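J.: Starting off with a structure, shown below.
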Amino acid sequence: MRVLYLLNVSNSSQLSADSGYTFADMLAPALTDAGAEVTVASPVPVGDTRVHFAPTISPSTKYRARFDPGMDALVTLIRDRRPEVVVANQIEAAPAIRAALLEAGVDALIAGYCHYLPFSFTETGALELDPAMNDRGLGRSVLLAFAAGLAACDRVLVHSSTAASWTTAAAARTGVDLDDKLHIVPAPRDVRLVRDPAGITPPGGRATGIYNHRLYRHYGTARFTQLARRLVADAPVRLTVMDLFGTRSSERIRLDPSPERHLEELATTDGVTIASDRGDRVRYRNLLSGAHFGIAPFRPGCPWSMSVIDCQAMGLPVIGPRTGWLAEHIDNELLFDTDEQAVQITERLATDAEFYLVHAKRAHASTADLTPAVVAARYLEAIK
């Protein structure tokens, strides 16, 4: 099977903060091991040289990635590679891919992977647009472009049951019937970030928590900051907050200055340490190894989180708000609705060694089926 994997890299200078790239870097070699001939079309190649590379230009903004698919380049690429399957990691590009296949005279299946959902649903079933995709009212247009992409795909892959439910509901509201096109294929865990929980030592009375998510406003960073202040004041806890972006371009800051603002606020909070892996996965692993538990983001539209999986694969229990995919995936004893509940959970993780070790083992076990080989097999089964 010849697979053309179209990968939009949002920030090629900070690859460690790009979950889509990390996904491809783990998955493409595993697909190759399984017998597929994979070409990744991307601004940067994946690390395995067995995976073919077709260089592309990274879109300058998140909206260009959705509304400017570059038809001429697509047609040329498809004619050159003659794929049997085209993977669209930007769902909104699927109609253009379908048109490019027609123009190139190539009959290939289009598999769309929903790495990101530009919407979520409330507990009452109300659809909410993701504010990250709603600058100057563009959210509705992004939603319709996403629905058009779903309609153009032969297969639609999502991370989780929560994502499947939301995607199906959003498609139905825009007149798109997914029929049997929808498949749940979770993302692979990073093989560099796996640790046997048998060797983990419980905190012993004082615990370090790590928050390793993007500090955008729409990730619920203000809500996390509120909780962080409560935890360091009322629980035997200190926190490490990851600065995943470093120095961003002026264009990205102009679109959304919230990461810089939140980082400055957190940096002045007693009991909170700001850390950076500087794009080095070994340093990132060491930071995770130095923590005792992780904290999930407060993002309402969270259909999956690579950073949560990173912690769990390292044997770190992750606490999180009872919402979205987090409520589906995280152990019920580690979910909270209020700051008071979060304080109680962290106190128990810090002081109850048996409780801590049970959840360290459960966290690690929750990622056991996310090895690249297992995920690649599910992926190939879905796109047949």
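The values are calculated or read from the model by the stated rules, or taken from the named source; none is laboratory data. Bear in mind the structure is a predicted one, so any value in this text is a computation, not a measurement. Virtual Cβ from ideal backbone geometry, glycine too; neighbours counted across all protein chains shown. When the accessible area is computed, the model is the full protein with side chains, heavy atoms only, and any ligands, DNA or RNA have been set aside. Shrake-Rupley method; radii C 1.70, N 1.55, O 1.52, S 1.80 Å.
J.: Under a point spin-label approximation (7 Å from Cα along Cα-to-Cβ), what is the Arg281-Glu260 distance to one decimal in nm?
T.: About 3.1 nm separates the two model spin labels.
J.: Which translational diffusion coefficient, to the nearest whole µm²/s, is obtained for the chain from the Stokes-Einstein equation, given a Kirkwood hydrodynamic radius over C-alpha pairs, 37 °C and 0.692 mPa s? Show your work: numbers first, answer last.
T.: Values: Rh = 21.5 Å.
Calculated translational D: 153 µm²/s.
J.: Please compute the contact order of the chain in relative form: average sequence separation of alpha-carbon pairs under 8 Å and at least six residues apart, divided by the residue count, as a percent.
T.: Dividing the mean separation by the residue count of the chain yields 17 percent.
J.: Using R₀ = 25 Å, calculate the FRET efficiency as 1/(1 + (r/R₀)^6) where r is the Cβ-Cβ separation of Leu127 and Ser161; round to 0.05. Can you show the working numbers first?
T.: Details: r = 18 Å, r/R0 = 0.72.
Computed FRET efficiency for Leu127 and Ser161 comes out at 0.90.
J.: Heavy atoms only, probe 1.4 Å: what % of the accessible area of the range 77-166 goes to carbon and sulfur, would you let me know?
T.: 48
J.: Grab the beta carbon distance between Val358 and Arg50, set R0 = 41 Å, and tell me the FRET efficiency rounded to 0.05.
T.: Values: r = 40 Å, r/R0 = 0.99.
Result of the calculation: an efficiency of 0.50.
J.: Starting from a Cα-only point model with no solvent, please compute log10 I(q)/I(0) by Debye for the range 301-348 at q = 0.13, 0.19, 0.22 1/Å.
T.: The Debye formula, applied to the Cα set alone, gives -0.28, -0.59, -0.77.
J.: Nearest 20 debye, what's the magnitude of the dipole of the chain about its Cα centre given +1 on Lys and Arg Cβ and -1 on Asp and Glu Cβ?
T.: In total the dipole reaches around 540 debye.
J.: Oh, and also: Using the Karplus curve 6.51 cos²θ - 1.76 cosθ + 1.60 with θ = phi - 60°, work out ³J(HN,Hα) for each residue of the range 120-126 in order, rounded to whole Hz, and write x for Gly and Pro.
T.: Using θ = phi - 60°, the values come out as 8, 10, 7, 5, 8, x, 7 Hz.
J.: Here is a further query. Just to be sure I follow: if Rg is taken over the C-alpha atoms of the range 177-294 and Rh is the Kirkwood radius over the same atoms, what is Rg/Rh?
T.: For the range 177-294, the value is 1.05.
J.: One-quarter of the Cα convex hull surface for the range 45-154, in nm²?
T.: One quarter of the hull surface, i.e. the mean projection, equals 8.3 nm².
J.: Next up: With unit charges on the beta carbon (Lys/Arg positive, Asp/Glu negative), name the residue among Thr32, Leu74, Ala353 whose Cα is farthest towards the positive pole of the charge dipole of the chain.
T.: Final value for the positive-end residue is Leu74.
J.: For the full complex of protein chains and a 1.4 angstrom probe, list Asp256, Asp80, Asp180 by accessible area with the highest value first.
T.: Ranked from most to least accessible, the order is Asp180, Asp80, Asp256.
J.: Let me ask something additional. I'd like the accessible area for Phe245, computed on protein heavy atoms only with a 1.4 Å probe and all protein chains in place. Round to 10 Å², please.
T.: About 20 Å², ignoring ligands and nucleic acids.
J.: On to the next question. In whole angstrom, note down how far apart the Cα centers of the range 236-275 and the range 57-97 are.
T.: 33
J.: How much accessible surface does Glu333 have with a 1.4 Å probe, in Å² rounded to 10?
T.: Counting only protein heavy atoms, Glu333 exposes about 90 Å² to solvent.
J.: Helix-only estimate, please: 222 nm mean residue ellipticity of the chain, summing -39500 (n - 2.57) across DSSP H runs of length 4 or more and dividing by its residues, to the nearest 500.
T.: Calculated from helices alone, the mean residue ellipticity at 222 nm is -12500 deg cm²/dmol.
J.: While we're on this one: Could you calculate the contour length gain from Gln344 to Ile253, that is, 0.36 nm times the residue separation minus the distance between their Cα atoms, to one decimal place in nm?
T.: 29.1 nm
J.: May I pose another question? Quick one: accessible surface of Arg155, probe radius 1.4 Å, all protein chains present, in square angstrom to the nearest 10.
T.: Only protein atoms counted, so the area is about 60 Å².
J.: Sequence gap at least 6, Cα distance under 8 Å: using those rules, report the relative contact order of the range 1-157 to the nearest whole percent.
T.: Averaging sequence separation for qualifying contacts and normalising by length gives 21 percent for the range 1-157.
J.: Just the accessible area per residue of the chain, please: how many Å² with a 1.4 Å probe?
T.: Dividing the accessible area of the chain by its residue count gives 41 Å².
J.: When the Karplus curve 6.51 cos²θ - 1.76 cosθ + 1.60 is applied with θ = phi - 60°, which whole-Hz ³J(HN,Hα) does each residue of the range 246-256 get, with x for Gly and Pro?
T.: x, 7, 8, 5, 4, 5, 5, 5, 4, 5, 7
J.: Can you tell me the mean projection area, over all orientations, of the convex hull of the range 166-216's alpha carbons? Units nm², please.
T.: Result: a mean projected hull area of 7.7 nm².
J.: Quick one: what are the phi-derived ³J(HN,Hα) couplings along the range 83-92, Karplus 6.51/-1.76/1.60 with θ = phi - 60°, whole Hz, x for glycine and proline?
T.: Couplings: x, 9, 9, 10, 9, 9, 7, 10, 3, 4 Hz.
J.: If you split all Cα-Cα distances of the range 244-317 into 5 Å bins from zero, what percentages do you get per bin, shortest first?
T.: The calculated distribution, bin by bin, is 3, 12, 18, 21, 25, 15, 4, 1.
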